[in-house]
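Asks: Quick one: the structure is below, questions incoming.
The values are calculated or read from the model by the stated rules, or taken from the named source; none is laboratory data. All values derive from a computational prediction rather than experimental measurement. Note: ideal-geometry Cβ built from the backbone for every residue, glycine included; neighbour counts use all protein chains shown.
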Amino acid sequence: MSPAPAAELDYKPPDGGWGWVVVFGAHISIGFAYSTPKVLSIYFKEIQEDLGAGSSDMAWISSIMLAVMYAGGPVSTVLVNRFGSRPIVILGGLMCGFSMVAASFGSSLLQLYFCIGVIAGFGLSLNLNASLTIISKYFLARRPLANGLSMAGSPVFVCILAPANEYLLQKFGWRGSLLILGGLMLNCCVAGALMRPVILPRKPSTCALQKNMEEQPNTCNTKLKGSCMNNAKKFLDWSFFKDRGFIIYLIGNVLFIFGAYAPFVFLSAYAITQGIDEYSAAYLLSITGFVDMFVRPGTGLIANNKWVRPRIQYFFSFAMIFNGTCHLLCPLSKSYAFLVTYAVFFGMSFGMVFALIFECLMDLMGNQRFPSAVGLVTIIECFPMLLGPPAGGLLVDIFGEYKYLFLMSGSVIVIGGLFLFFMNICNYYMLERKKPAEDREQNQNNTENPDQSTSDEEMKAAMEQTEPRAKEKNGAQRDSCPDNAETPN
Amino acid sequence: MESATHRLQGDIMAASAAAEEGGVGGGFSDDAAGRGSREQVRNRENRREIIMSSFWEQLFFQILLLLVFCRHINTKTIGPTPPPLVSISSILPTDIRSVVLKGESQTENVELVNPVNLTLECTWTGNQNKLPNITGFWRKDGDEVENSRLTVQLENDQYNLKRVFSIVSVKNLGNYSCMFESEAKINFVLAAPHMGEVRDKPIVSYVGDSVVIACKMEETKPKPSTWNWYKANGTDKEQIFTAAEPLRYEIKNDERKTKLVVYNLTEADGGLYYCGAVYSINTTMGLVELKVINFKEPLKPFIAIVIEVIVLVAAILFYERYQSKKNYTAGKEMNDQTNTLTQGENNKPEEGSSMRQRKV
């Protein structure tokens, strides 16, 4: 049982209302971010013939796009902290749109690598980071549900874009299709426009100013300006590595990502070696995506439950172990029915993990540190993501059969899940032991600073919290309406 | 040849006519008759000699001409079919295909690359009433092959029918069937290797762009000796020669793969293209469709989407500004109300004090 965490936010998130519109916007934005690298592979065969490239050259386009999308995390964090989510998502949408349009005029492979891989990848990384951040700002009590709904964008968009891309390819060829796909990606700008910055609630007497207060460090008062700008300017906040919870999460995630994508890449090839025809093999991946679509919001709903929410880290590790076990059991399948069952459970477990993956990070880090944390996590996750499928391919080449690939993926993921489970138990236990000492410190602080303690108490009463937090962070990172501190009534 | 002999005959006729005229003409003049007649007789004798020698020369020339020119004439004599193949068949390789029939009919695909003497063998286990003798015959493309009807005897509980076919050219390819008494049938489909992966969807490309059309023969099939490309023109196929238009077409052949590159596309370049895998026996065709469209076609949906995005973004932002203005005015009203209330409260004590002051 996780201990009661301390105050983190200095405002009460809306948890509804316009928040659901923001969830819709984030759904679109995250959907494009995760689905575009996957569905672009439909165009590869055509482009290959026209530009005279090999199939491994074409695979690099997707890899570069994913790598840049994940590696752009820290830069995206800085921009989001500085400007807020809305302008960044609009900028990301514009970058993606224009890069696809430029790619449609491309006449060499290098141009495609640059336009699709680098520029569109960077645009998508801006989208991803900003969407996750704004969800953490709008939701607290219903945050797991909001996360589940917005992350469901990925399988939904894969299901929509895959047949749409086929149709466009037949009608307009690959150049026209890339042009129209660029136009579709401009819809991320619409999603960005929906992401209204959070209006912080103010006491009526204090708000003589009638402008919307946004979480922008440039509205910090002069006393706090120095520390705010420092935080915004830091690319990588190395202090995260001192946080035990963060390190545990990071290691578990790295292990998961290493094993997660290889089965996707090799599932149809494995099915074909088991004697199944090409179309049924491709159908397996569609089944996985379809199940994934419904499981993600469902998991969010479950995670919102008052019994599960405090134990969300354990739920996350359970989902990971479930996923790994599916992969370990896959080589036992001997017929198409078994493979379909595997695909269904694969979709379920994958959806569960991905619905919770960012929710758990938000849970650990809290709203203030989440943008920087997610940037750091994505850039570190870049490496296992790029290494996983080729390592699986290497195993297939060495042993000549696919079962070792599934065994490797499954075992790595199960190890990651078990690691998370046990280390979280240790972590919470140690934090529980530290908590009485912290409470004693808190009481001392209360007698010294009456103002700060009253506002702290108000915040504690207003929210239900789930994670342990260090108290010192509050003062330095609070960039709220300055009038609050100045004019108590 | 005939005109030359006619000309020669004509010359000789003219010469003999001239000689006769001269002789007749000579007879009318009396003056120099004595002297002239002796000369005339001599002349006539000479002319006759010339005529006689020219006649033999004419004959000799005619025979010579006939021999020179008429050696090239073929005389077609319609004899019995087919001509004896013994001399040619010794050059061709031999191959054998045998099928045991299970059931009523069966089809066997035979891929041929080079001309061959193919032995087709059919074995049938018979039906319930196993007659000792049944008739078996061969069919090619539905028509019965001449002299192929035989009486087949039951040996080892089977009926066996075998025949050698000489497959030399594309005419010999087709559907051969061995028939057992119109009850059992085995089809042999003789053809050159076909391309398995034929692209069924059209290639779409743009005006001014260049496109690569590819054809491939699988590794499991024999490789063609060369590849040809044809463009469909109505119902005909026109072969594409890169030498004729080097700036527009380029053909890259690579054993089992071939690529046709068309530069500087125009709308007329759209249509059906055939890639032909050339084998000694026949050329098999693969079909690829090319569609050439103008760049404006995808531009229209693109512009529609951009307009939709701009409209939606503008609408969302305007709606937000409208809502915030409403909140602003509502908030301001509330503030004014609270301010007037506090002012009212402040005024009352002031009046009281003034009143108190006035009293004093």
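Asks: If A:V75 satisfies all but one of (1) under 20 Å from the mean Cα position of the chain (by Cα); (2) crowded, with 17+ Cβ neighbours inside 10 Å, what's the number of the condition it fails?
Replies: A:V75 satisfies every listed condition except (2).
Asks: Restricting to the range B:283-306, what's the tally of residues that are more than 10 Å from chain A (Cβ to nearest Cβ) and among the hydrophobic types (A, V, I, L, M, F, W, C)?
Replies: Result for the range B:283-306: 4.
Residues checked against (1) among the aliphatic types (A, V, I, L, M); (2) modelled with pLDDT under 90; (3) within 16 Å of the chain's Cα centre (by Cα):
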{"site": "B:T258", "(1), (2), (3)": "no, yes, yes"}
{"site": "B:Y263", "(1), (2), (3)": "no, yes, no"}
{"site": "B:D269", "(1), (2), (3)": "no, yes, no"}
{"site": "B:A277", "(1), (2), (3)": "yes, yes, yes"}
{"site": "B:M285", "(1), (2), (3)": "yes, yes, yes"}
{"site": "B:F295", "(1), (2), (3)": "no, yes, no"}
{"site": "B:K300", "(1), (2), (3)": "no, no, no"}
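Asks: Tell me which residues, restricted to the range B:168-186, are buried (at least 16 other Cβ atoms within 10 Å of the Cβ), in contact with an Asp or Glu (Cβ under 9 Å, 6 or more places away or on another chain) and in contact (Cβ under 8 Å) with a residue 60 or more places away in the chain.
Replies: B:A184, B:K185, B:I186
Asks: Name the helices (runs of 4 or more DSSP H) wholly inside the range A:93-194 in which the number of residues that are touching a helix residue (DSSP H, G or I) at 6+ places or on another chain (Cβ under 7 Å) and crowded, with 22+ Cβ neighbours inside 10 Å is 2 or more. Show your work before the answer.
Replies: Values: elements: A:109-112, A:121-138, A:143-151, A:153-185, A:187-194.
Those helices (runs of 4 or more DSSP H) span A:121-138, A:143-151, A:153-185, A:187-194.
Asks: Check B:R199 against each of (1) surrounded by fewer than 17 Cβ atoms within 10 Å (Cβ to Cβ); (2) within 14 Å of another protein chain (Cβ to nearest Cβ); (3) within 17 Å of the chain's Cα centre (by Cα); (4) modelled with pLDDT of 85 or more and name the one condition it does not meet.
Replies: Every listed condition holds for B:R199 apart from (4).
Asks: Just checking, does the range B:269-292 include any residue being closer than 30 Å to A:C96 by Cα, surrounded by 15 or more Cβ atoms within 10 Å (Cβ to Cβ) and touching a residue at least 60 places away in the same chain (Cβ under 8 Å)?
Replies: yes
Asks: Also, quick follow-up: Among the residues of the range B:202-230, how many are away from chain A (no Cβ under 14 Å) and of a type in the set (D, E)?
Replies: Narrowing the range B:202-230 to residues away from chain A (no Cβ under 14 Å): B:217-230.
Cutting the leftovers down to of a type in the set (D, E) gives us B:218-219.
Result for the range B:202-230: 2.
Asks: Every residue in the range B:307-340 that is facing chain A (nearest Cβ under 9 Å), closer than 14 Å to A:V190 by Cβ and not hydrophobic (A, V, I, L, M, F, W, C), please.
Replies: Hits for the range B:307-340 are B:E308, B:E320.
Asks: Now for a different question. For the range B:173-221, give me every one of the strands (runs of 3 or more DSSP E) that falls completely inside it and has 2 or more residues that are closer than 30 Å to A:F105 by Cα. Give the derivation first.
Replies: Values: elements: B:174-180, B:184-191, B:203-206, B:211-216.
Of the strands (runs of 3 or more DSSP E) lying wholly inside the range B:173-221, those with at least 2 residues that are closer than 30 Å to A:F105 by Cα span B:203-206, B:211-216.
Asks: Can you tell me which residue among A:F266, A:F241 is assigned to a helix (DSSP H, G or I), touching a Gly at 6+ places or on another chain (Cβ under 8 Å), at pLDDT below 90 and among the aromatic types (F, W, Y)?
Replies: Numbers: A:F241 fails: touching a Gly at 6+ places or on another chain (Cβ under 8 Å).
Exactly one of A:F266, A:F241 is assigned to a helix (DSSP H, G or I), touching a Gly at 6+ places or on another chain (Cβ under 8 Å), at pLDDT below 90 and among the aromatic types (F, W, Y), namely A:F266.
Asks: Further, regarding this structure: I'm trying to understand the selection: among the residues of the range B:106-124, which are of a type in the set (S, T, Y) and surrounded by 13 or more Cβ atoms within 10 Å (Cβ to Cβ)? Write out each step before concluding.
Replies: Let us first name the residues in the range B:106-124 that are of a type in the set (S, T, Y), namely B:107, B:119, B:123.
Answer for the range B:106-124, where residues must be of a type in the set (S, T, Y) and surrounded by 13 or more Cβ atoms within 10 Å (Cβ to Cβ): B:T119, B:T123.
Asks: Let me ask you something else. List, please: which pairs have Cβ atoms under 8 Å, are six or more places apart or on different chains, and start with a residue in the range A:269-291 that is free of Cβ contacts under 8 Å to residues at least 12 places away in the same chain and end with one that is of a type in the set (A, V, I, L, M, F, W, C)?
Replies: Close Cβ pairs satisfying both conditions: A:I272/A:A281; A:E278/A:I272.
Asks: Further question on the same structure: Of all residues in the range A:42-59, which are surrounded by 15 or more Cβ atoms within 10 Å (Cβ to Cβ) and more than 10 Å from chain B (Cβ to nearest Cβ)?
Replies: Filtering the range A:42-59 down to residues surrounded by 15 or more Cβ atoms within 10 Å (Cβ to Cβ) leaves A:42-44, A:46-51, A:53, A:57-59.
Selection gives A:I42, A:Y43, A:F44, A:I47, A:A53, A:D57, A:M58, A:A59.
Asks: I've got another one for you. Here are some conditions: (1) over 29 Å from A:S125 (Cα atoms); (2) surrounded by fewer than 19 Cβ atoms within 10 Å (Cβ to Cβ). A:L405 meets all but one. Which one does it not meet?
Replies: With (1) over 29 Å from A:S125 (Cα atoms); (2) surrounded by fewer than 19 Cβ atoms within 10 Å (Cβ to Cβ) applied to A:L405, the lone miss is (2).
Asks: Check the range A:355-368 and report whether any residue there is among the polar types (S, T, N, Q) and more than 26 Å from A:V291 (Cα to Cα).
Replies: Yes, the conditions are met somewhere in the range A:355-368.
Asks: Now, a different point. When you go through A:P155, A:P144 one by one, which is the residue that is at pLDDT 90 or above, touching a Phe, Trp or Tyr at 6+ places or on another chain (Cβ under 8 Å) and away from chain B (no Cβ under 13 Å)?
Replies: Values: A:P144 fails: touching a Phe, Trp or Tyr at 6+ places or on another chain (Cβ under 8 Å).
None of the others qualify; the one that does is A:P155.
Asks: Sort out which residues of the range A:17-41 are buried (at least 20 other Cβ atoms within 10 Å of the Cβ) and among the polar types (S, T, N, Q), and write them in order of number.
Replies: A:S29, A:S35, A:T36 - these are the residues of the range A:17-41 that are buried (at least 20 other Cβ atoms within 10 Å of the Cβ) and among the polar types (S, T, N, Q).
Asks: Another question, then. Answer with yes or no whether A:A162 is modelled with pLDDT of 75 or more and more than 8 Å from chain B (Cβ to nearest Cβ).
Replies: yes
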